[in-house]
Amino acid sequence: MENMIPHSRPTLENVNLHTWGEMLESGHLARGVFCERLETLFIEKILGTTPDSFRARSVQSGTQALHVGLWALKLLREKDGDTSETLEVIAPTLACGALVQAIRAVGAKPVLCDTTMDGNLDINQAVSAITPKTLAVLVPHLYGKPIDLGPLLETGVPIFEDCAQTLGVETDQGRVGTMGRLMMSSFYATKPICTGQGGIVATADVDLMNEIELLCRYDGRDDSGPGWNANLPDWSAALAIPQIEHFDQSLARRKAIAEFYSESLGDLSDRIVLPEATALGAHAWYRYVVLVPNDSSQWSERLHSLGVEAKRPVFLPQHKIFDLPGHFPLAEDQWKRSLSLPIYPSLSDEERNEVVSAVRAVATELN
Ligand SMILES: Cc1ncc(COP(=O)(O)O)c(C=O)c1O
């Protein structure tokens, strides 16, 4: 349909041609000073810390960031004398398939957990699933909502924060991305910082980052360890830098749209469950996810016919994709009922109003 309001739209308003031009004039396209600038800015502006205490490495995708991060944890474990045959990685089933793909790519076994009512990993279940074979717990902060790591922090098990959907948020437990042993994010086209494809992995642990650095390159090395040429090119970094510089404005615009939706749809709360700002701290509003009473695909179809693209925020729970065992009643229920409405900085006020009118019309029709 012409004039369809898309579910996602890259946030490129702040991409000034200055940085891009500078990159072209430098005559350097591969990994170089722009990637280094991106990594420093990411540490300072997104993680709210300093390059003295944190290190970041840009890579070609979020999945690759998960892969090199898990592999580096495995290498350090081996150096500590652990020769376990099968390692395990704990993760929520309600997340994209990239998590299990990365877990399998390091030869580990995925141990999936259910979610809580807000869609994030059930931390208590994750704590119960820890064994001596646990390499890490992968914790995505879904939809922009920071997860309360609570008892997981006390276990000492490596926590790998997946911040593909939640960046720049301060919580009672610290800034998102700095609470665990390491973090990653994605720069995919729909993400809060987007370069089309890309990702980043960061940690305060120097030994871990040294392993990650080696895994990202084969050149200039005479050892036979794995190295995957995982570099993000400078031309992608030049797209990301201005977005990071203006990230606060993007967060503010997302928050304003979320507040508008919550005010405008508040009287439908007997029919749809609206998202709440988390008790733990702020919300990055990457997604505005409502729970409808029945199958959300009916709602998507009706909204589509009214010119609004709304989707399930997770394509399929991972246990369904990979046919993995377990009982995940909340994840299945959330998956079936969740509906993500368009929310991104370039959504105009007019489009925002149209989304509200369409949701109101469908709520009346389908209830
Ligand atoms: C929570 C989460 N983790 C990891 C990824 C993987 O990132 P990428 O698509 O850049 O490989 C994504 C998705 O796009 C994601 O949403």
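No value in this document is a laboratory result; all are computed from the given coordinates. All values derive from a computational prediction rather than experimental measurement. No Cβ is skipped: glycine too gets one built from the backbone with ideal geometry, and neighbour counts run over all protein chains shown.
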Could you pull out every whole DSSP H run in the chain that spans at least 18 Å of Cα extent along its own axis and averages 0.0 or higher on the Kyte-Doolittle scale?
62-79
Segment 248-293: D in µm²/s via Stokes-Einstein (Kirkwood Rh, Cα pairs, 4 °C, 1.567 mPa s)?
115
Kirkwood Rh and Cα Rg combined as Rg over Rh, evaluated for segment 1-90
1.11
Give me R254, R360, R175 ranked fewest to most by other Cβ atoms within 10 Å of their Cβ, as a rough exposure proxy.
R360, R175, R254
Most exposed to least, judged by fewest other Cβ atoms within 10 Å, T49, T115 sort to T49, T115
Per residue of segment 111-124, what does 6.51 cos²θ - 1.76 cosθ + 1.60 with θ = phi - 60° give for ³J(HN,Hα)? Whole Hz please, x for Gly and Pro, Karplus curve as stated.
10, 8, 10, 7, 10, 9, 4, 8, x, 7, 3, 7, 5, 5
Rg (one decimal) and Dmax (whole number) from the Cα set of the chain, in Å, equal 20.6, 67
GluC sites (Glu not before Pro) in segment 59-141 lying in a DSSP loop, each with at most 11 other Cβ atoms within 10 Å of its Cβ, come to E85
Which of the peptides 193-206, 21-34, 290-303 is most tightly packed, and how do the rest follow, judged by the mean count of other Cβ atoms within 10 Å per residue?
193-206, 290-303, 21-34
Would you mind checking which residues have amide H under 5 Å from V111's amide H? H placed 1.01 Å from N; only 5 or more apart, or other chain.
V89, I90, A91
What Kirkwood radius, in Å to one decimal, follows from the Cα pairs of segment 1-160?
18.4
With +1 on the Cβ of every Lys and Arg and -1 on the Cβ of every Asp and Glu, and nothing else charged, how large is the dipole of segment 61-191 about its Cα centre, in debye rounded to the nearest 20?
420
With +1 on each Lys and Arg Cβ and -1 on each Asp and Glu Cβ, how big is the dipole of the chain about its Cα centre, in debye rounded to the nearest 20?
500
Can you put F328, F187, F322 in order, fewest other beta carbons within 10 Å first?
F322, F328, F187
Determine the equivalent ellipsoid of segment 248-366 by diagonalising the alpha-carbon gyration tensor, then write out the semi-axes as square roots of 5 times the eigenvalues, largest first, rounded to whole Å.
24, 18, 14
Could you check what % of the DSSP bridge pairs in the chain are antiparallel, to the nearest 5?
55
